[in-house]
1. Would you check which residues across segment 40-66 are surrounded by 11 or more Cβ atoms within 10 Å (Cβ to Cβ) and in a helix (DSSP H, G or I) and list them?
2. Which of (1) out of contact with any helix residue (DSSP H, G or I) (no Cβ under 8 Å at 6 or more places or on another chain); (2) surrounded by 12 or more Cβ atoms within 10 Å (Cβ to Cβ); (3) modelled with pLDDT under 70 does residue 111 not meet, given it meets every other one?
3. Can you find a residue that is at pLDDT 70 or above and assigned to a loop (DSSP other than H, G, I, E, B) anywhere in segment 15-30?
4. Are any of the residues in segment 175-182 closer than 27 Å to residue 19 by Cα and touching a residue at least 12 places away in the same chain (Cβ under 8 Å)?
5. If only one of 120, 92, 85 is at pLDDT below 75 and loosely packed, with under 11 Cβ neighbours inside 10 Å, which one is it?
6. Right, residue 99: at pLDDT below 80 and in a helix (DSSP H, G or I) or not?
């Protein structure tokens, strides 16, 4: 499969496209959840409560707390099914790789790593991966700071360059957000 840019042959297309499919589902599931769960669960009341036999409220669930629970479930699904496996695809030497990567793939990566240690070759990040890291850094600044700090601390110059740019894109998002907030509050 070629989408007009070069990716490695073992690039996880289903998982990568599934990530964006999940984001699409999350965006459009709001109205479904609101119609079928919020309206039925709360039925016009300000909160839903679990009470004991004496009539004391044990747990009070407001609409906001319900949406926070839904968001926590979405984030957990995204992290477990997509973010961790995609990260481990590009970093198979992680201590969690045995949970998400097939054994033969992890073993072949370890063999390649052992061979590369005997011949010092400076590895570089694929161009598409760099662009995806920049996009991630811009739209999710916390992830950009983490990725940028990791890559900026590496010895290789290419990694330092990518890490520095991830940090720049993260800061750029925050600066633009403050400017947008100032413009919006200034126009009110």
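1. 41, 42, 63, 65, 66
2. (2) is the only condition that residue 111 fails.
3. Looking for residues that are at pLDDT 70 or above and assigned to a loop (DSSP other than H, G, I, E, B), one finds none in segment 15-30, hence no.
4. Within segment 175-182, not a single residue is closer than 27 Å to residue 19 by Cα and touching a residue at least 12 places away in the same chain (Cβ under 8 Å).
5. Criteria check complete, one pass: 120.
6. Against the criterion (at pLDDT below 80 and in a helix (DSSP H, G or I)), residue 99 qualifies.
The values are calculated or read from the model by the stated rules, or taken from the named source; none is laboratory data. Keep in mind that what you see is a predicted model, and the values were worked out from it rather than measured. Every residue, glycine as well, gets a Cβ built from its backbone with ideal geometry; the counts of neighbours run over all protein chains shown.
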